[in-house]
Amino acid sequence: MQALHLAGTIIYFTVLVCLSCYGIHRYWMIFLYFRHRREVPQPAGRFAELPKVTVQLPLYNEMYVAERLLEAVASLDYPQDRIEVQVLDDSTDETTDIVARKAAGLRERGFDVHHIHRSNRMGYKAGALENGLQQATGEFVAIFDADFVPQHDLLQKTIHYFTDPNIGMIQTRWGHLNEQYSLLTKIQSMLLDGHFLIEQTARARSGRFFNFNGTAGVWRRTCIQSSGGWQHDTLAEDLDLSYRAQINGWQFLFLPEIVTPAELPVDMNAFKSQQHRWAKGSIQTSKKVLPVLWRSQLPFKVKFEGTVHLTSNYGYLLLLVLCMCFHSSAAVGTYQASGGNPWTKMLLVDVPLFIAGSVSISAFYFCAQRELHAQWWKRLMFLPVLMAVGVGLSVNNARAVLEAMFNHRSEFIRTPKYGVSRSGESWGHNKYRTLRGLYPFIELAFGVYFTYLVIQAVNYNQWMFIPFVVIFQVGFLYVGLMSLLQSSVRAMRQIDGPGLAVAGA
């Protein structure tokens, strides 16, 4: 029994150290951001005649947002004879008819709109993009997912950067149409702000690799083609192509000053589905491109940062292992019973690991909010909730990591959008839903277990340890309960309604 206890303690601290290494890397991202944030790139020149741009709109069952997207694209400030619109429609529902009507109306207004409908989803989004590229006439390709609303001046603000022939892709920063809708959307907006403003800016301006985020960006067509094109052997076709292109010598630009708003998922299960796809796709991509990256002649800083970037989702697997080890005396802190000195342990072990692991998360997202919002202090109260949600996602995302590690194939399950942008708007009666599965019950089980550990911590007078355990408790309970309650409420509302279209089915 004592041997098992010791093994659990060793695993616990080993995992903490590994997570702390990723935490230290977050501090490094913050440092790089502040070091390079004022190095705003400028176009090398201006096109005397604007080049032709193909705007690709990959859609799959997007009946609530398709018209909004097409109208936004029609409002782009770019000459009509210099822009081609491809609606890459793989839909199996009313979306196809909605798009057909809207496309016909835009053609009557003089727009060059092509409605390309495939009868199968071969290659999913990557397959649709590749199929569209074969028919495209533009020298450059702008891509927008269904939930995005590009600003009218996006092309005018980005296209002239391509006067530098080495620039292969330009990514804009995601904005949020509905971040005030609920607590969940507020947390998502903060997560995305941290990624885009801190990570993407730091990597892009310090000479390291960063990735196209799948939407709200513009590609040079020859960059895509010379780098192997869109491939669908991972669930992160955007990340995959980004690394292949940069290894091939193309340069990418990130322009955080240009914001492209998008609709955040309002349903916990949709959010988890999105996170699962991103986590699994990143690990699949790491297995595919890291060997190529390390065989290249690129600088060590590029190889190292690329490795940390592509493997960061292993942190969810480590986090889940950490949760399973909380039964050890290392977790509850009963060093008094084992003859240890709890204050020495706290100062030499707990505090450094806490600063490296947990405080780095708060610092990372705090910096993003401080940079983006005038009244940033009002958003600080959400940081503990953000950390809790991150913990609550560990079951969902660790499963994604394991599936990628063991080559479990799964289809591309897109995130359903409901056209919800304002607080109070209902989405429960909408047609699309995501599959729930058994995982919310596992999350609730962890929540109950951490409730027990909170009680244990009180019994052992480990007051400094309680806030840490409460974050785990709240995170699992919130994610699990929201997953069950939202899907149950929707099911009750739709018992007498029409059949549901399962996202990704």
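Any chance the stretch 288-297 includes a residue that's of a type outside the set (Val, Ile, Thr), touching a strand residue (DSSP E or B) at 6+ places or on another chain (Cβ under 7 Å) and part of a helix (DSSP H, G or I)?
no
Would you be able to say whether some residue in the stretch 6-13 is among the aliphatic types (A, V, I, L, M), in the same structural domain as Phe468 (by TED's automatic domain parsing), touching a residue at least 12 places away in the same chain (Cβ under 8 Å) and over 30 Å from Gln369 (Cβ atoms)?
Looking through the stretch 6-13, at least one residue is among the aliphatic types (A, V, I, L, M), in the same structural domain as Phe468 (by TED's automatic domain parsing), touching a residue at least 12 places away in the same chain (Cβ under 8 Å) and over 30 Å from Gln369 (Cβ atoms).
Looking at (1) surrounded by fewer than 23 Cβ atoms within 10 Å (Cβ to Cβ); (2) part of a loop (DSSP other than H, G, I, E, B), find the lone condition where Pro265 falls short.
(1)
Among the residues of the stretch 28-39, is any over 24 Å from the mean Cα position of the chain (by Cα), outside any helix (DSSP H, G or I) and either of a type in the set (Lys, Arg) or under 29 Å from Asp147 (Cα atoms) (or both)?
yes
Yes/no matrix, rows are residues, columns are (1) under 19 Å from Val302 (Cβ atoms); (2) of a type in the set (Phe, Trp, Tyr); (3) at pLDDT 95 or above:
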site: Thr185; (1), (2), (3): no, no, yes
site: Leu191; (1), (2), (3): no, no, yes
site: Phe196; (1), (2), (3): no, yes, yes
site: Ala202; (1), (2), (3): yes, no, yes
site: Gly217; (1), (2), (3): no, no, yes
site: Arg244; (1), (2), (3): yes, no, yes
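Tell me yes or no: at least one residue of the stretch 196-215 is surrounded by fewer than 23 Cβ atoms within 10 Å (Cβ to Cβ), among the hydroxyl-bearing types (Ser, Thr, Tyr) and in a helix (DSSP H, G or I).
no
Among the residues of the stretch 301-337 satisfying the criterion of being at pLDDT 90 or above and not in a helix (DSSP H, G or I), which is surrounded by the most Cβ atoms within 10 Å (Cβ to Cβ)?
For the stretch 301-337, the residue satisfying everything is Asn313.
So which residues in the stretch 246-299 are hydrophobic (A, V, I, L, M, F, W, C) and free of Cβ contacts under 8 Å to residues at least 24 places away in the same chain, if there are any at all?
Those that are hydrophobic (A, V, I, L, M, F, W, C) and free of Cβ contacts under 8 Å to residues at least 24 places away in the same chain: Leu290, Trp294.
Do we find a residue being assigned by TED's automatic domain parsing to the domain that holds Ile159, in a helix (DSSP H, G or I) and over 22 Å from the mean Cα position of the chain (by Cα) anywhere in the stretch 56-63? Steps first, please.
Looking only at the stretch 56-63, we keep the residues that are assigned by TED's automatic domain parsing to the domain that holds Ile159, and these are 56-63.
Narrowing the set further to residues that are in a helix (DSSP H, G or I) leaves none.
No, every residue in the stretch 56-63 fails to be assigned by TED's automatic domain parsing to the domain that holds Ile159, in a helix (DSSP H, G or I) and over 22 Å from the mean Cα position of the chain (by Cα).
Quick test of your reading of the structure: Arg46 fulfils all but one of (1) assigned by TED's automatic domain parsing to the domain that holds Gly138; (2) part of a loop (DSSP other than H, G, I, E, B); (3) not hydroxyl-bearing (Ser, Thr, Tyr). Name the failing condition by number.
(1)
Only one of Ser189, Ser182 is within 24 Å of Tyr418 (Cβ to Cβ), touching a residue at least 24 places away in the same chain (Cβ under 8 Å) and surrounded by fewer than 19 Cβ atoms within 10 Å (Cβ to Cβ). Can you tell me which?
Being within 24 Å of Tyr418 (Cβ to Cβ), touching a residue at least 24 places away in the same chain (Cβ under 8 Å) and surrounded by fewer than 19 Cβ atoms within 10 Å (Cβ to Cβ) holds for just one of Ser189, Ser182, which is Ser182.
From the residues in the stretch 360-382 that are of a type in the set (A, V, I, L, M, F, W, C) and without any contact (Cβ under 8 Å) to a residue 60 or more places away in the chain, which one is surrounded by the fewest Cβ atoms within 10 Å (Cβ to Cβ)? Working first, answer last.
Initial filter on the stretch 360-382 (of a type in the set (A, V, I, L, M, F, W, C)): 361, 363-364, 366-368, 372, 374, 376-377, 380-382.
Checking which are without any contact (Cβ under 8 Å) to a residue 60 or more places away in the chain leaves us with 366, 374, 376-377, 380-381.
Details: Phe366: 19, Ala374: 6, Trp376: 14, Trp377: 11, Leu380: 13, Met381: 8.
So the residue we want is Ala374.
Report yes if Pro384 is farther than 30 Å from Met29 by Cα, part of a helix (DSSP H, G or I), modelled with pLDDT of 75 or more and within 21 Å of the chain's Cα centre (by Cα), otherwise no.
no
Checking the conditions here, which among Glu67, Glu39, Glu84, Glu62 is exposed (fewer than 15 other Cβ atoms within 10 Å of the Cβ) and out of contact with any Cys (no Cβ under 7 Å at 6 or more places or on another chain)?
Glu39 is the lone residue from the list that is exposed (fewer than 15 other Cβ atoms within 10 Å of the Cβ) and out of contact with any Cys (no Cβ under 7 Å at 6 or more places or on another chain).
The values are calculated or read from the model by the stated rules, or taken from the named source; none is laboratory data. Fair warning: this is a prediction, and the values are worked out from it, not measured in the lab. Heads up, the Cβs are rebuilt from the backbone with ideal geometry, glycines too, and the neighbour counts pull from every protein chain shown.
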